[in-house]
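Participant: Okay, handing you the structure first.
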Amino acid sequence: MIRPSPISSRSTMAGTLTRQQKKNVRLVMFLILLACYHNSIRVRSFLLRAALVPPSLSPWRKLYDEGDSSSFLHVTGLTREAFDSLVMIVIPPGHSLRRRRRGRPWSLPPDGMLGLLLCYLGSQMTMKWLCLIFGITPSPCCRIFCCNPRCLRVRRAAGAVALPLPSPRRRRQCAATLTPTPLGGAST
């Protein structure tokens, strides 16, 4: 038995489609292209200034000025007192970041820069989400991460910090304080 070549079978198959079927195939292909285009727009990483709230009204500023201590601890990993002390160490009062410079001023004050760095180090958020939280575009965000030598020192130190695990005795004590619950989550 002789088999037809794949080229001739394709042309035969395309020739057997009716006009309505061809129209439906084109419509499906068009919808697939629209879905691909929509997804490519959705995953773009650039942000425009018009899409952001100003840094003075950003969620970070609201948390820093008016947030409760437990939320601040959860976001930054530090208490307010420790955070303020770290700001004074990393960016001391006479530092050039605190003084007015020529040109455009920094988008974030020193506490915002340190908060941005701590949120970046303590979470798995991408730069896009950090920019939305702090009310800045990716350009100053990148500048804060890469160009600030004091922030680089904090980043290097954070990478070198190793948290000690509790001793086996302490782990057994903590495990003894836990109460088991049934699988459904309801207590009996």
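Participant: To the nearest 0.05, how large is the calculated FRET efficiency for S56 and L33 if R₀ is 35 Å and r is the Cβ-Cβ distance?
Facilitator: Once rounded, the FRET efficiency stands at 0.25.
Participant: Suppose R0 equals 35 Å. What FRET efficiency, 1/(1 + (r/R0)^6) with r the Cβ-Cβ distance, do R143 and E81 give to the nearest 0.05?
Facilitator: Once rounded, the FRET efficiency stands at 0.80.
Participant: At 7 Å along Cα-to-Cβ for each site, give me the label-to-label distance between A175 and M88 in nm.
Facilitator: 4.4 nm
No lab work stands behind these numbers, since they all come straight from the coordinates. On a predicted model such as this, the values are computed, not experimentally measured, just so you know. In this analysis, Cβ positions are derived from the backbone assuming ideal geometry, glycine residues included, and neighbour counts consider all displayed protein chains.
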